[in-house]
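The structure follows.
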Amino acid sequence: MSHREPLGASSGEPVATISDPAPWNGAGSASLAEFAAQHGLRQSAARPKPLAYVKALWQRRTFIWNLASAKTAATYSGSRLGQVWQILTPLLNAGVYYLIFGLLLGQNKNIHNYPAFLITGVFVFTFTQRSLSAGARSIGNNMSLIRALHFPRATLPLAYVIMELQQLLISMGVLIVIVLITGEPPSLQWLTLFPALVLQLIFNIGISMMVARLGAFIQDVQQLLPFITRTWLYFSGVFFMIAERVDSITKHGHHWIGRIFEANPAAVFIELVRFALLETYHKDAAKYHLDHGLMWLYAVIWAVVAFVGGFWYFYRAEERYGRG
Amino acid sequence: MAVAKALKERGSVAEAQPEVRPDPTREPIVVVDGLHIIYRVYSGGGGKGSAATALMRIIKRENRPQTKEVHAVKGVSFIAYRGDAIGIVGTNGSGKSTLLKAIAGLLPPARGAVYTDGQPSLLGVNAALMKDLSGSRNITLGCLAMGLSPDETKASYDAIVKFADLKPGFIDYPMSTYSSGMGARLRFAIAAARTHDVLLIDEALATGDAKFKRRSKAKIDELREDAGAVFLVAHNLDVIEETCNRVIWLDDGRVKMDGDPEEVLGAYTEATGK
């Protein structure tokens, strides 16, 4: 995907869009450029070097955290229940999905603890989904800030993902309570929840930076994104067991389609969290020979690829955000 | 290429602009070198906005048909030195705001270049930084965004509140409830909390009252002493006369005059018949 380049130069490199050497005004152009160079002036709004950029980002870590908290507070400030909605929203979501997929469609025949299975899936997927849609809005919604002050723009998608992380931590608290209520015993396995969520966070930061750049230049992305995330939701084993589906697809001879289902990053992170928290799920999944080590490998690869790719893609347009 | 053609047509006129001679005894902070800015505007309507034609355009990779190119700045050159406060005057649509945006790096040059030392900051008229957040949140976040440390932010908080001089209580209200004058004051106060190498002020002081104008003039003087440069776009010529040591008169995207405030403002007033 590419967006229309603005007129003229798009980066900090010397500007020469029209190759016509004729002087344009009384003063020879070269002398002014030389004069500027003599005094160490640089092209306005050139992109900083990658390392300097990362340093500037690290220096803004308080800004990122504060912006996330402030935005969260502002989101709920108008409603009567206030930040109680941070707990209510995921619960209501889980309730709706349980009503449809648990009771109405009866997906739960092979899964012992279907409520916990489903709610885990919904919460983990919501983290990725909301990071994506927030990332797409992060530049457009902060135009006046971008135009007024100078700061590394990547702080914006980062802050929005941190905002979703704060929401996720609350959801995870709710999830732990549900898991305990539905009779899963606490175990050492629970500790693997942390690396799983850290990898998901890194993955989310990467993809939200990617859509942040797309959304900044193409308004249509925001319209399109809900459909993409909803399709993704239905393919990610939130309501059904991904291992069971892979097994049946493979039996039908579509081996590689099964592999794709398995490698889906959303499915990978959901599987890892389910494995961390739900002991009954280990028994459910045992029949289908799901390679657990492979899931961790996928998670690491997805996180690294998305983060490096997303960061690089976002950074390449750094000086263009806010233009127009 | 349409851009090249547009530039060629106007090339001959551009020679009429005053010549720029670098002053070797002073240290430059902004060098604008034969700058041309052309931007696209979408004149809405146009009748051909149906979904089917839009789809065909995307397939053919064409621009929207209502797109027009505006050649807003035509070969402007000048040098701003450390300690300069430069007023920019001109009638509506003469390219003043466009020029400031280009210096800030918010518009890419079609030809020519802008060289600066450090990152210029642009203060425009749209008042809020983050509309849905309170004034005090805006101060904290604004300072942190500009790169102040949490301690520095705390230290400058009171000074910003005092400088912005909001009505009591307003600091805790969302910025969307502020009057345009209040918003502009707070924005200026936040931006002024850090020393800027180049500060570009686009009518941001216009909505302030007399008291605020006095204080902002003091702030601008302070900034000049720190050896930065300030650019000021204002329709109120008194403000420019009081604050600036140099005035550039833009006419239809070209520099008509560049020099002493008294001289340039005198000629400008005469020409516009004010």
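How big is the dipole moment of the protein assembly as shown about its Cα centre under a simple scheme where the beta carbon of each Lys and Arg is +1, that of each Asp and Glu is -1, and everything else is neutral? Debye, nearest 20, please.
1460 debye
Simple spin-label model, 7 Å along Cα-to-Cβ: residue B:221 to residue A:304 in nm?
Calculated label separation equals 6.1 nm.
Treat the stretch A:133-204 as a sphere of radius equal to its Kirkwood radius over Cα pairs and apply Stokes-Einstein at 25 °C in a medium of 0.890 mPa s; give the translational diffusion coefficient in µm²/s, rounded to a whole number.
So the translational diffusion coefficient is about 168 µm²/s.
Express the Stokes-Einstein translational diffusion coefficient of the stretch A:66-138 in µm² s⁻¹, to the nearest whole number, given a Kirkwood radius over alpha-carbon pairs, 4 °C and a viscosity of 1.567 mPa s.
Roughly 92 µm²/s, to the nearest whole number.
Further, regarding this structure: Based solely on its DSSP helices, what 222 nm [θ] is calculated for chain A when runs of n ≥ 4 H residues each add -39,500 (n - 2.57) and the sum is averaged over all residues, nearest 500 deg cm²/dmol?
-21500 deg cm²/dmol
Shifting gears a bit: If you count, for every residue in B:116-122, the Cβ atoms of partner chains within 10 Å of its Cβ, what is the mean?
The mean count of partner-chain Cβ atoms within 10 Å per residue comes to 5.
May I pose another question? Distance cut-off 26 Å, Cα to Cα: go down the list A:71/B:96; B:68/B:101; B:219/B:256; B:74/B:211 and report the pairs above it.
Cα-Cα > 26 Å for A:71/B:96; B:219/B:256; B:74/B:211; rest within.
Name the residue farthest towards the positive end of the dipole of the stretch A:40-152 from the options A:81, A:151, A:126, assuming +1 on Cβ of Lys and Arg, -1 on Cβ of Asp and Glu, about the Cα centre.
A:151
For the stretch A:80-222, evaluate the Debye formula with one uniform point scatterer on each Cα (no solvent term) and list log10 I(q)/I(0) at q = 0.18 Å⁻¹, rounded to two decimals.
-1.07
Here is a follow-up. Once the Cβ-Cβ distance between residue A:291 and residue A:143 is put in as r, and R0 is 45 Å, what FRET efficiency do you end up with, to the nearest 0.05?
E(calc), rounded to 0.05, equals 0.45.
Report, as an integer, the average count of C-beta atoms from other chains found within 10 Å of each Cβ along B:98-104.
2
Per-residue Cβ counts within 10 Å, from other chains only, averaged over A:140-148: what number is that?
So the per-residue partner count for this stretch is 6.
Right, something else. On the accessible surface of the stretch A:252-306, probed at 1.4 Å, how many percent belong to carbon and sulfur atoms?
73 percent
Hey, any idea what % of the stretch B:177-249's accessible area is carbon plus sulfur with a 1.4 Å probe?
Answer for the stretch B:177-249 is 46 percent, counting heavy atoms of protein chains only.
While we're looking at this one, here's another question. I'd like to check one number: the per residue accessible area of the stretch A:48-320, probe 1.4 Å, reported in Å² as a whole number.
It amounts to 45 Å² per residue over the stretch A:48-320.
Something else: What is the packing order of peptides A:300-313, A:271-284, A:229-242, A:147-160, taking the mean over residues of other C-beta atoms within 10 Å and listing the highest first?
Ranked from most to least packed, the peptides come out as A:147-160, A:271-284, A:229-242, A:300-313.
While we're on this one: Give the Rg (one decimal place) followed by the Dmax (whole number) of the protein assembly as shown, computed from C-alpha coordinates and expressed in Å.
Considering the protein assembly as shown through its Cα atoms, Rg and Dmax are 28.4, 91 Å.
Could you give the length gained on full extension between residue B:235 and residue B:195, defined as 0.36 nm per residue of separation minus the Cα-Cα distance, in nm?
This chain segment gains 11.8 nm when fully extended.
Dividing the Cα radius of gyration by the Kirkwood radius, what Rg/Rh value follows for the stretch A:36-162?
Reported Rg/Rh, Kirkwood definition of Rh: 1.18.
Report the FRET efficiency, 1/(1 + (r/R0)^6), for residue B:210 and residue B:154, where r is their Cβ-Cβ distance and R0 is 41 Å, rounded to 0.05.
Calculated value: 0.85.
Something else about it: With a 1.4 Å probe, what is the total accessible area buried between chains B and A, in Å² rounded to the nearest 100?
Buried: approximately 5000 Å² between A and B.
Of A:282, A:191, A:66, whose Cα points farthest to the positive end of the dipole of the stretch A:48-320 (charges on the beta-carbon: +1 Lys, Arg; -1 Asp, Glu; origin at the Cα centre)?
Looking along the dipole axis, the top candidate is A:66.
To the nearest 20 Debye, how big is the dipole of the stretch A:48-320 about its Cα centre, given +1 on the beta carbon of each Lys and Arg and -1 on that of each Asp and Glu?
800 debye
How do B:171-182, B:83-94, B:98-109 rank on mean C-beta neighbours within 10 Å, highest first?
Result, highest mean Cβ count within 10 Å first: B:98-109, B:83-94, B:171-182.
Could you sort B:21-28, A:185-192 so that the peptide with the highest average Cβ count within 10 Å comes first and the rest follow in order?
Top to bottom by mean Cβ count within 10 Å: B:21-28, A:185-192.
Under the definition of Cα pairs under 8 Å and six or more residues apart, what whole-number percent is the relative contact order of chain A?
Value for chain A: 25 percent.
Continuing with this model, one more query. Amide H of residue B:85 versus every other amide H placed in the peptide plane: which residues, excluding those fewer than 5 positions away on the same chain, fall under 5 Å?
Counting only residues 5 or more places away or on other chains, the set is B:230, B:245, B:246.
In the protein assembly as shown, if the dipole is taken from +1 on Lys/Arg beta carbons and -1 on Asp/Glu beta carbons about the Cα centre, which of A:99, B:104, A:227 is farthest to the positive end?
It is A:99.
Please report, for the Cα atoms of the stretch A:48-320, the Rg to one decimal and the Dmax as a whole number; what are they, in angstrom?
Both quantities, over Cα of the stretch A:48-320: 19.3, 59 Å.
The values are calculated or read from the model by the stated rules, or taken from the named source; none is laboratory data. Keep in mind that what you see is a predicted model, and the values were worked out from it rather than measured. In this analysis, Cβ positions are derived from the backbone assuming ideal geometry, glycine residues included, and neighbour counts consider all displayed protein chains. Note: areas computed on protein heavy atoms with side chains; ligands, DNA, RNA excluded. Shrake-Rupley method; radii C 1.70, N 1.55, O 1.52, S 1.80 Å.
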